[in-house]
Amino acid sequence: ESAVELDANRAVEIALDAKFRCTEDTHLETKDFLARTFMRLQRPGDALSLLQELYATESPAFDPRLLVDCAFKLERHDIIMEVFDKLSEQPGRPWEEIEFEVQFLEKYNIPKAITRLTTFLRENPDHKVAQLRLSTIGVLHRKPDLVKSSIADLPTVEELRSGYIRVAVGVLSQGPDKAKTVDYAYRYLRTHFDELDAYKAMIQSVLATGS
């Protein structure tokens, strides 16, 4: 073992011993420090119970996103959705948080995913990426009232983030501007030659429009 590995192993031993000695009377700051230490040591399984205990206190000093990060690493989607249910009561949530939550809700609870997106869009009606996400749900689940599929409703290819081009092509090809789908995919491909999805979207656009 290298010196770095030995130091890391020793740090894990110390942290585990400290966790074993924790009681109900142990300061929350100490438990928070231990949980963060376990996360830095790539030991989310050891951090989880501490973070859940901190979350249960509802202390304003605790950032629940630490628990979300830990649960994500452990693929505990049930915990992630529980935390986000609580966070949903807060106004003005950032898009990055909504987007992260929706990826799980799309797997487990489509009606709630729709609610999260429509609530966000009421507060941010010009957010085209959020609308694209909602339109995608509408297309996949045959809910046309959710779909806005004209070229004006979509983000420009310059605004479109990685991972969204194929759903954008799928939505655009269902709408009144279907004929513009290939051009949209091509313009994205021109500036994203390093993305496999850009090539897949280009083929998808041709197949969808018969071009």
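Comparing H127, H192, H27, which has the greatest mean-square fluctuation in the GNM of the chain with Cα pairs linked when under 10 Å apart?
Taking springs between Cα atoms under 10 Å, the residue moving most is H27.
Assign one of three labels to the range 47-119, namely rounded, prolate or oblate, based on the Cα gyration tensor with a ≥ b ≥ c the square roots of its eigenvalues; rounded applies when a/c is under 1.5, prolate when it is not and a/b is larger than b/c, and oblate otherwise. Show your work: numbers first, answer last.
Working: a/c = 2.26, a/b = 1.43, b/c = 1.57.
Oblate, because a/c is 1.5 or more while a/b does not exceed b/c.
Keeping the other protein chains in place, figure out the carbon and sulfur percent of the accessible area of the range 54-101, with a 1.4 Å probe. Write down the numbers at each step before the final one.
Values: 1400 of 2630 Å².
Percent of accessible area from carbon and sulfur atoms in the range 54-101: 53.
Running a GNM on the chain with Cα contacts under 10 Å, which residue among S59, S173, S149 ends up with the highest mean-square fluctuation?
S59
Give me the extension gain from A179 to H141: residue separation times 0.36 nm, minus the current Cα-Cα distance, reported in nm with one decimal. Write out the running numbers ahead of the final one.
Details: separation 38, 0.36 × 38 = 13.68 nm, distance 2.33 nm.
Here the segment from A179 to H141 would lengthen by 11.4 nm.
From Cα coordinates alone, what are the radius of gyration and Dmax values for the chain in angstrom?
22.2, 69
Give me the net charge of Y108's neighbourhood, meaning all other residues with Cβ under 14 Å from the Cβ of Y108; Lys, Arg count +1, Asp, Glu -1. Provide the component values of the computation, followed by the final result.
Values: positive: R76, K107, K112, R116; negative: E75, D78, E82, D85, E101, E106.
Counting the neighbours of Y108, the net charge comes to -2.
Take the Cα pairs of the range 38-81, get the Kirkwood Rh, then feed it into Stokes-Einstein at 37 °C and 0.692 mPa s and tell me D in µm²/s. Walk me through the intermediate numbers first.
Values: Rh = 10.4 Å.
Answer, rounded: 317 µm²/s.
Can you give the FRET efficiency to the nearest 0.05 for E158 and T118, using r as the Cβ-Cβ distance and R₀ = 35 Å?
The computed FRET efficiency comes out at 0.85.
Distance between the C-alpha centers of the range 38-94 and the range 97-166? Whole Å please.
Result: 25 Å between the Cα centres.
Can you give me the Cα centroid spacing of the range 12-29 and the range 174-204 in angstrom?
That distance is 53 Å.
For the range 1-90, what is the Kirkwood estimate of the hydrodynamic radius, computed as the reciprocal of the mean inverse distance between distinct Cα atoms, to one decimal in Å? Please list the in-between numbers first.
On the way: mean 1/r = 0.0723 Å⁻¹.
It works out to 13.8 Å.
Would you work out what percent of the accessible area of the range 109-211, with all protein chains in place, is carbon or sulfur (probe 1.4 Å)? All intermediate terms of the calculation are to be shown ahead of the outcome.
Working: 3070 of 5690 Å².
Reported share for carbon and sulfur atoms: 54 percent.
Do any of K86/K143; K73/K112; K112/K143; K107/K148; K86/K148 go past 19 Å between their Cα atoms, and which? All intermediate terms of the calculation are to be shown ahead of the outcome.
Values: K86/K143 27 Å; K73/K112 23 Å; K112/K143 14 Å; K107/K148 22 Å; K86/K148 29 Å.
In this structure, K86/K143; K73/K112; K107/K148; K86/K148 exceed 19 Å between Cα atoms.
Give the angle, between 0 and 90 degrees and rounded to the nearest 10, that separates the Cα long axis of helix 196-209 from the longest principal axis of the Cα atoms of the chain.
The angle comes out at about 30 degrees.
Just to confirm, what accessible area per residue do you get for the chain at 1.4 Å probe, in whole Å²? If you can, show how the numbers build up before the last one.
Working: 12410 Å² over 211 residues.
Spelled out: the 1.4 Å probe surface of the chain, per residue, equals 59 Å².
What relative contact order, as a whole-number percentage, does the chain give when Cα pairs under 8 Å and 6 or more residues apart are counted? Mind dumping the intermediate values first?
On the way: 192 pairs, mean separation 20.3, N = 211.
Relative contact order here is 10 percent.
Hey, in the GNM for the chain with a 10 angstrom Cα cutoff, which one of D145, D25, D197 fluctuates hardest?
Taking springs between Cα atoms under 10 Å, the residue moving most is D25.
The values are calculated or read from the model by the stated rules, or taken from the named source; none is laboratory data. Owing to the predicted nature of the structure, the values given are computational and were not obtained by experimental measurement. Heads up, the Cβs are rebuilt from the backbone with ideal geometry, glycines too, and the neighbour counts pull from every protein chain shown. Side chains are part of the model used for accessible areas, which takes the heavy atoms of the whole protein and leaves out ligands, DNA and RNA. Shrake-Rupley method; radii C 1.70, N 1.55, O 1.52, S 1.80 Å.
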